[in-house]
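Data first, discussion second: the structure below is written as structure tokens.
The values are calculated or read from the model by the stated rules, or taken from the named source; none is laboratory data. Note that the structure is a prediction, hence the values are computed from the model and not measured. Cβ: placed from backbone, ideal geometry, glycine included. Neighbour counts: every protein chain shown.
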Amino acid sequence: MRAGTIRTPACGADMRHRNDEDFVRVNNLSGDTREPDLLELLCPFVNVSRVYVAIDQKTGMSRGFGFVNFMRREDGERVIAKLNGYGYDNLILSVEWAAPMLSQ
């Protein structure tokens with residue numbers, strides 16, 4: 001697991017049954033967005049397994065995107081439908097399925 005990734009028992013995290021293909025990418029996050037902020041935005045809609053916001057190591061600011069993993073694919077579809085184009089922290093979010101990771 002990446003450093004800084006939050007597991008969220010309060011929102012229904014049972015990591016034994018996660019599906020690594022059910023990741024949603026959230027783009028256009030502000031520089032001060034952190035994992036708890038993204039989690040707070042998502043929890044009213046769905047149960048989240050894992051949240052990760054990319055942070056620039058030099059500046060400590062968000063790099064403008066993050067990833068969210070869900071217990072069920074339907075939860076990801078619901079988040080995409082509700083939050084794609086949603087105004088958050090004075091920016092318009094772009095929410096889509098993350099490209100699958102290529103094994104090396």
Query raised in the report: Residues in region 24-33: is at least one at pLDDT 50 or above, among the acidic types (Asp, Glu) and closer than 21 Å to Ala99 by Cα?
Result: no
Query raised in the report: Can you name the strands (runs of 3 or more DSSP E) wholly within region 45-103 that have at least 2 residues being out of contact with any helix residue (DSSP H, G or I) (no Cβ under 8 Å at 6 or more places or on another chain), touching a residue at least 24 places away in the same chain (Cβ under 8 Å) and more than 18 Å from Asp22 (Cβ to Cβ)?
Result: 62-70
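Being of a type in the set (Phe, Trp, Tyr) and modelled with pLDDT of 95 or more is the filter here, so list the residues in region 69-87 that pass it. Break it down into steps so the answer makes sense when it comes.
Restricting attention to region 69-87, the residues satisfying the condition of being of a type in the set (Phe, Trp, Tyr) are 70, 86.
Across region 69-87, the qualifying residue is only Tyr86.
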Query raised in the report: Which condition does Phe70 not pass, out of (1) farther than 17 Å from Leu29 by Cβ; (2) over 14 Å from the mean Cα position of the chain (by Cα); (3) surrounded by 11 or more Cβ atoms within 10 Å (Cβ to Cβ), if it passes all the others?
Result: (2)
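Of all the residues that make up region 81-92, how many are aliphatic (A, V, I, L, M), surrounded by fewer than 17 Cβ atoms within 10 Å (Cβ to Cβ) and closer than 16 Å to Asn28 by Cβ?
2
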Report task. Considering only region 21-53, state which residues are surrounded by fewer than 16 Cβ atoms within 10 Å (Cβ to Cβ) and of a type in the set (Gly, Ala, Ser). Result -> Ser30, Gly31
